[in-house]
Amino acid sequence: MPEYNIYPILFQKNIGAISREEQEVLGKSSVAIIGCGGIGGIAFELLVRSGIGKLTIVDGDTFDISNINRQILCNYKNIGKKKVKEAEKFAKSINAEIEITAIDRNLDEKNAKQILKGNKLVVDGLDNGLSRVILSRTAKELKIPYVFGACERTKGYTTVFTPADVSYEDIFDIPSKGKVLTEKLREQLLASQRCDAILGVVSNLIGNLETMQTLCVLLGKKFVEAPQFIHVDAFELDKLRIGRL
């Protein structure tokens with residue numbers, strides 16, 4: 001962690017909830033967030049506010065007015081602007097000393113390894129099956145934890161895939177498991193897991209839970225890992241549970 005003069009002041013309210021030594025661990029940590037939309041955007045903000053020292057953000061998209069209902073980084077003034085550039089500016093407005101690597105392109109097989117290399121873990125802010133397969137395979141190859149999260153309409157769930165866990169493709173019985181990604185499989189995966197509607201509070205709730213999972217992994221605390229998931233439903237909070245799919 002760089003020798004910030006301001007760092008202890010910015011994150012002093014964390015001390016007591018976590019120790020100063022644990023805060024130093026966060027300050028020295030490097031985390032990648034793939035996708036800066038609904039889930040990824042709130043995870044990004046909360047990780048910045050937690051005191052993570054270095055964040056890599058990856059997203060080739062621009063903000064659209066349809067993002068307003070759920071994407072915490074989106075507002076009228078930045079419609080049409082690049083998500084990662086706006087996210088970087090936002091992060092610097094919170095902690096001017098944070099190291100941000102903003103990659104204005106989507107994750108793919110050619111760049112995934114280079115993007116994830118050097119990070120302690122990766123956070124999922126994606127919205128399609130193809131990118132998740134690429135991300136999960138690369139994280140497993142590099143032996144870094146993959147913090148997964150997804151949601152649709154009023155429901156969402158999250159877990160952590162560690163290198164020793166069963167894989168994302170195994171858990172969800174993805175057609176691509178154990179196979180080379182042919183063009184046909186790519187098209188099939190791209191069409192999968194896209195949601196037609198989402199309540200903003202749900203994507204933000206999953207992003208919050210992903211952030212908490214991330215902090216637990218980094219600090220060596222207990223977290224929910226595959227094949228167990230944290231399940232939430234905005235309209236059935238009394239049924240919040242941890243369990244299998």
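The values are calculated or read from the model by the stated rules, or taken from the named source; none is laboratory data. From a predicted model like this one, the values you see are computed outputs, not experimental measurements. Here the Cβ positions follow ideal geometry from the backbone for every residue, glycine too, while neighbour counts run over all protein chains shown. Ligands, DNA and RNA are stripped out before the accessible areas are found, and what is left, the full protein with its side chains, is counted by its heavy atoms. Shrake-Rupley method; radii C 1.70, N 1.55, O 1.52, S 1.80 Å.
Which entries in LYS120/LYS222; LYS28/LYS92; LYS113/LYS179; LYS83/LYS239; LYS28/LYS179; LYS110/LYS155 show an alpha-carbon gap greater than 27 Å? Could you put the intermediate results ahead of the total?
Numbers: LYS120/LYS222 16 Å; LYS28/LYS92 17 Å; LYS113/LYS179 19 Å; LYS83/LYS239 34 Å; LYS28/LYS179 37 Å; LYS110/LYS155 33 Å.
Those over the limit are LYS83/LYS239; LYS28/LYS179; LYS110/LYS155.
Between segment 221-241 and segment 74-108, what is the separation of their alpha carbon centroids in Å?
29
Using the heavy atoms of the protein chains alone and a 1.4 angstrom probe, what is the accessible area of segment 56-126 per residue in square angstrom? The partial results should precede the final answer.
Values: 3720 Å² over 71 residues.
Normalised by residue count, the accessible surface of segment 56-126 is 52 Å².
Order of 56-64, 120-128 by packing, highest average Cβ count within 10 Å first? Mind dumping the intermediate values first?
Details: 56-64: 20.6, 120-128: 23.4.
Per-residue Cβ counts within 10 Å, averaged per peptide and sorted highest first, yield 120-128, 56-64.
With a sphere of radius 14 Å drawn around the Cβ of LYS85, what net charge do the other residues whose Cβ falls strictly inside it have (Lys, Arg +1; Asp, Glu -1)? Could the numbers behind the result be given before it?
Numbers: positive: LYS77, LYS81, LYS82, LYS83, LYS89, LYS92, ARG105; negative: ASP59, ASP61, GLU86, GLU88, ASP104.
Net charge in that neighbourhood comes out at +2.
Tell me the trypsin sites (Lys or Arg not before Pro) within segment 156-198 that lie in a loop according to DSSP and have at most 15 other beta-carbon atoms within 10 Å. Before the final figure, lay out each step's value.
Working: sites: LYS177, LYS179, LYS184, ARG186, ARG194; in loops: LYS177, LYS179, ARG194.
Of the trypsin sites (Lys or Arg not before Pro), the ones in loops of segment 156-198 whose Cβ has at most 15 other Cβ atoms within 10 Å are LYS177, LYS179, ARG194.
Between PHE44, PHE235, PHE90, which gets the highest mean-square fluctuation from a Gaussian network model of the chain, Cα cutoff 10 Å?
Of PHE44, PHE235, PHE90, the most mobile in the Gaussian network model is PHE235.
Using +1 at the Cβ of each Lys and Arg and -1 at the Cβ of each Asp and Glu in the chain, identify which of PHE44, GLN71, LEU142 lies farthest towards the dipole's positive end.
Farthest towards the positive pole: LEU142.
Taking amide hydrogens as modeled 1.01 Å from N in the peptide plane, which residues meet the under 5 Å criterion relative to ALA150, leaving out close sequence neighbours?
TYR157
In segment 49-92, carbon and sulfur make up what percent of the accessible area (probe 1.4 Å)?
Values: 1080 of 2160 Å².
So the carbon and sulfur contribution to the accessible surface is 50 percent.
Using only alpha carbon pairs under 8 Å that are at least six residues apart, calculate the relative contact order of segment 1-132 and give it in whole percent.
Answer for segment 1-132 is 31 percent.
Rounded to the nearest percent, how much of the accessible area of segment 133-245 (1.4 Å probe, protein heavy atoms only) is carbon and sulfur?
Details: 3380 of 5930 Å².
Summing carbon and sulfur atoms, their accessible area is 57 percent of the total for segment 133-245.
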